[in-house]
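K.L.:
Once you've had a glance at the structure underneath, I'll fire off some questions.
The values are calculated or read from the model by the stated rules, or taken from the named source; none is laboratory data. All values derive from a computational prediction rather than experimental measurement. Here Cβ is always computed from backbone atoms with ideal geometry, including for glycine, and neighbour counts include all displayed protein chains.
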Amino acid sequence: MITKMKFLTISGPKDDIDHMVDRYLSHYEIHLENALTELYGAKTLRPYTSSSPFNEYLERINKLLDYLGEKDSEPPVTKDKPSVETIRYLIEQLEKDTEPYHQKVLQYTKLKDKKQESLELIAPFINLDYPIEKIIHMEYIRFRFGRFTRSNYSKFKKYVYDVTPSIFIEGVQDEDYTYGVYFTPLKSLARVDAMFSSMNWERIFVPDEYEGTPKEIVSQLKNELNVLNKHISDNENIIRKLLSPYKNTLLKTKQRLENLAHNFDIRKYAALTHDEFVQKETRYLLRGWMTEKAARQFEQETKEDSNVIVIVEDEEDTQEVTPPTKIHNISIFRPYELFVRMYGVPNYREFDPTSLVALTYSLLFGAMFGDVGQGFVLAIGGFLLYKLKGIDLGGIVALAGVFSVLFGFLYGSFFGFEEIIEPLWLHPMTSMTDLPFIGTINTVFIAAVAFGMFMILTTLILNVVIEWKNHQTGRALFDRNGVAGLVFYLSLVSIVLLFMSGNPIPATLILVFMFALPLLLIAFEEPILNRLEHTQAESDSSVMMFIVQAFFELFEVLLSYFSNTISFVRVGAFAVSHAAMMQVVLMLAGVAEGGNINWTVIILGNLFVAGLEGLVVGIQVLRLEFYEIFSHFYKGDGKPFISILR
């Protein structure tokens, strides 16, 4: 069901907008429109631009919560709304108390990062058993620390090392690199550097402020890092103890700041009125949509506040604009809004098809997948998914499973066994009906086509009502989905039924008088509407071209009605297919032979059929909904209601 909407204009002093939003508007769902766009052309309007003061406070309070490890925790439920001054005082006081220890943490962390970097540079050369300071101060020998990729190192040893005047000492190897250091005489340095570079040697500059072998330096750095980590931990613990009594307060304050920051963003939808006399912006304007009930409540709540002016416009004043669409359905139908949104949000002035989809989708799914046992499993599984995980598709599967159970009783099928339950209606595979002119045909095929005819007639009637309600009289009368199309299709159904029931004379009369006339009205819809609306045709095409165009349009209309009707045959086809697939499963399990039943095959077969056919049937029913049902009455060109504040 589409909720009735009201258009509001909210105005007040420029500096009162935050107070208005926080005290009143934040409690409501409102779809805001850009006031500047809505009032385009008004020379006294300006955009409301300003930077948010709350982002800085959020950043500072997040730093405090980081020490508690509670940055992403949920705050306790509260209705308190501390003021910005209270929030500022709290943050500044806690920062003042923790600042000395915070500075120590920063100091030790900076030193730790530097030593960690040194450790990572020197650790790959831990195999080098020679003091770093002696290597650095060699007079006639030069060195280079660095690394090869493992593949390049293999090539280096094979092709280059033996012809290079250098000594290479291999260090640590990891998955990608081989680390090491090479030594070469000073006079050969340029040549050796060039040869190593040709093998993509990456030089590493190890720290020179430490003395000892790499192994000794690594040990020293690890000890220093442990000491620094202890200092950092001690100061963080002190900060944590200072902040712990304020944990819930900080969490509530953070939530309050997030709400204030979110509410502040409402300015991008507002406009400021420019007072020419005082030469400055003095008042804000907000325009948007609320549900009728919420709009009246909001208007009443702000009535006594002289700083807030709320104007709720009458429906007659908003006829030229299309409100956003807010859908509200009973809980059992709500999951099917997923399918409606997939096709398109309903226009505010058309019919919300959610309840129709819920009923027809579940009914068609059950008819195509009728099995008591498998339907029960689908219903339970879908219900659990919907309740525990909140997955809309689970709710759809649950209701479809219930209808599968119902049709399972009608078909007498329980996990494929058709002897356990006596069918309340028929067995899909064996029930046949004799039809005049056609012969013997499966009964479920006839029922499926009959249901398709009923659905097409229903949707045509629904479209006529919608168009008439929206004052689209011409389309309601002459469109292929209007009265003309309804009379034509109803005549077609009547002719078929009369001929098949042995009444050719009434069928012929309907064919002559009620069959051709609606087609002519559909064909000449455009010129008839032009004449009724006193408008000129857009094109000056010749009469012959118009007749040719009308002929092909009529052919397309006939073809579409025929294909829409025949498309429902798939309902019966899948009902028969399901029974046939389960018979194969039972045959493979040895049920038909009367011997020992292979229950493993029964279980796996049911899982396979339920999974595969359930998926295919679900897709096919959705296709019927979109192409054979929606196409007659539903446009889905609406814009969704998006609440800015909640």
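K.L.:
Of the residues that make up the stretch 251-263, is at least one among the charged types (D, E, K, R), out of contact with any helix residue (DSSP H, G or I) (no Cβ under 7 Å at 6 or more places or on another chain) and under 30 Å from GLU117 (Cα atoms)?
P.N.:
No, the stretch 251-263 has no match at all.
K.L.:
Moving to a separate point now. Out of curiosity, is LEU356 under 23 Å from GLY638 (Cβ atoms), surrounded by 21 or more Cβ atoms within 10 Å (Cβ to Cβ), in contact (Cβ under 8 Å) with a residue 24 or more places away in the chain and of a type in the set (A, V, I, L, M)?
P.N.:
Yes, satisfied.
K.L.:
Examine the stretch 280-291 for a residue that is within 30 Å of GLU74 (Cβ to Cβ), charged (D, E, K, R) and either loosely packed, with under 13 Cβ neighbours inside 10 Å or under 40 Å from the mean Cα position of the chain (by Cα) (or both), and state whether such a residue exists.
P.N.:
The answer is no; no qualifying residue exists.
K.L.:
Also, quick follow-up: Return the total of residues in the stretch 130-158 being assigned to a loop (DSSP other than H, G, I, E, B) and farther than 13 Å from PHE183 by Cβ.
P.N.:
Qualifying residue count, the stretch 130-158: 2.
K.L.:
While we're here: Could you tell me which of the residues LEU64, LEU94, LEU36 is part of a helix (DSSP H, G or I), touching a residue at least 12 places away in the same chain (Cβ under 8 Å) and touching a Pro at 6+ places or on another chain (Cβ under 9 Å)?
P.N.:
Every option except LEU36 fails the conditions.
K.L.:
Looking only at the stretch 623-643, which residues are touching a strand residue (DSSP E or B) at 6+ places or on another chain (Cβ under 9 Å), surrounded by 20 or more Cβ atoms within 10 Å (Cβ to Cβ) and among the hydrophobic types (A, V, I, L, M, F, W, C)?
P.N.:
The one that is touching a strand residue (DSSP E or B) at 6+ places or on another chain (Cβ under 9 Å), surrounded by 20 or more Cβ atoms within 10 Å (Cβ to Cβ) and among the hydrophobic types (A, V, I, L, M, F, W, C): PHE641.
K.L.:
Separate question: Mind counting the residues in the stretch 586-619 that are more than 17 Å from GLY375 (Cβ to Cβ) and assigned to a helix (DSSP H, G or I)?
P.N.:
So the answer is 8.
K.L.:
Residue by residue through the stretch 158-172, note down the ones that are surrounded by 15 or more Cβ atoms within 10 Å (Cβ to Cβ) and free of Cβ contacts under 8 Å to residues at least 40 places away in the same chain.
P.N.:
VAL160, TYR161, THR164, SER166, PHE168
K.L.:
Return a yes/no flag: does the stretch 631-641 have any residue that is more than 21 Å from the chain's Cα centre (by Cα), in a helix (DSSP H, G or I) and modelled with pLDDT under 95.
P.N.:
Yes; the residues of the stretch 631-641 include at least one that is more than 21 Å from the chain's Cα centre (by Cα), in a helix (DSSP H, G or I) and modelled with pLDDT under 95.
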